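Some notes on the structure that comes next.
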Amino acid sequence: MNTDQILAQYLSDVSEVTSKVANTLQQPRARQLVYKELLAKPRLPFHSLLRHLLQEEVMYRNALWNLEVQDDDNHFEGIYRCAYLLGGCADPSDTLLLWDAKFINMDVGTSMGAEFFIGAGLHETLAYLSQCSAKDAAEIREYVWGYFSDADALKWQKDWEEERITDIRSI
């Protein structure tokens, strides 16, 4: 399946990730091409797909970390690409998924900064985390607030977003 077929199949399956789509998305290159295509599309219709893709990226990064696979094509960047696009769905509950992904290993943990956690908006995310009963919600809130309490952080966020977009376009 090519990228257009993957996305069309997903949408025709009422936004469910069927086994046919899931099998194709096990390939790192297929995921990268989906990210490039999704950059130009509204994200919300692909929310479930992006959540699935984040799980794929976590498995892939774990396999890389454990030396079970090799990556000669920079597919390891997929976790950050997916995380950025998932933020575009503007669902503050995704911060919990991203937080779990951040801690799969030291490599991801040091590169997945607070910028990834405010796709729903800074105030919306902080409000959600304040009301959330998840065990990590308070820690995530402190982490996000600690970064964004700097007066220049929102300017840095815009620069970071441009870097993410440029990276995905380069696929």
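Looking for something more than 24 Å from S111 (Cα to Cα), in contact (Cβ under 8 Å) with a residue 24 or more places away in the chain and either out of contact with any Lys or Arg (no Cβ under 7 Å at 6 or more places or on another chain) or not charged (D, E, K, R) (or both) - is there at least one such residue anywhere in region 69-80? I'd like the intermediate steps shown before the answer.
Pass one, region 69-80, residues more than 24 Å from S111 (Cα to Cα): none.
Scanning region 69-80 turns up no residue that is more than 24 Å from S111 (Cα to Cα), in contact (Cβ under 8 Å) with a residue 24 or more places away in the chain and either out of contact with any Lys or Arg (no Cβ under 7 Å at 6 or more places or on another chain) or not charged (D, E, K, R) (or both).
Remark: pairs (first residue in region 124-145, more than 14 Å from D91 (Cβ to Cβ); second residue of a type outside the set (D, E) and outside any helix (DSSP H, G or I); Cβ separation under 8 Å; 6+ apart in sequence or on different chains) = V144/I118. Once region 27-52 is narrowed to residues that are assigned to a loop (DSSP other than H, G, I, E, B) and of a type outside the set (G, A, S), the residue that is nearest to G88 (Cα to Cα) is R43. Every test in (1) closer than 19 Å to Y10 by Cβ; (2) part of a helix (DSSP H, G or I); (3) of a type outside the set (V, I, T); (4) in contact (Cβ under 8 Å) with a residue 40 or more places away in the chain is passed by Q55 save one, and that test is (4).
Could you list all residues from region 5-26 that are surrounded by fewer than 18 Cβ atoms within 10 Å (Cβ to Cβ) and assigned to a loop (DSSP other than H, G, I, E, B)? Scanning region 5-26 gives D13, V14, S15, E16, T18, Q26.
Summed over region 100-149, residues that are acidic (D, E) and under 14 Å from the mean Cα position of the chain (by Cα) total 2.
Within region 127-158, the set of residues being among the small types (G, A, S) and over 15 Å from L98 (Cα atoms) comprises A127, S130, S133, G146, S149, A151, A153.
Out of all the residues in region 27-69, which are of a type in the set (F, W, Y) and open to solvent by less than 60 Å² (accessible area, probe 1.4 Å)?
If the condition is that a residue be of a type in the set (F, W, Y) and open to solvent by less than 60 Å² (accessible area, probe 1.4 Å), then Y35, F46, Y60 are the ones that fit.
Could you check, for region 131-146, whether at least one of its residues is aliphatic (A, V, I, L, M) and closer than 29 Å to L33 by Cα? The answer is no; no qualifying residue exists. Taken over region 1-31, residues that are among the small types (G, A, S) and under 23 Å from R61 (Cα atoms) amount to 3.
The values are calculated or read from the model by the stated rules, or taken from the named source; none is laboratory data. Being a predicted model, the structure only gives us computed values, none of them experimental. Cβ sites come from the backbone with ideal geometry, for glycine too, and all protein chains shown count toward neighbours. SASA here: full protein model, heavy atoms, side chains in, ligands and nucleic acids out. Shrake-Rupley method; radii C 1.70, N 1.55, O 1.52, S 1.80 Å.
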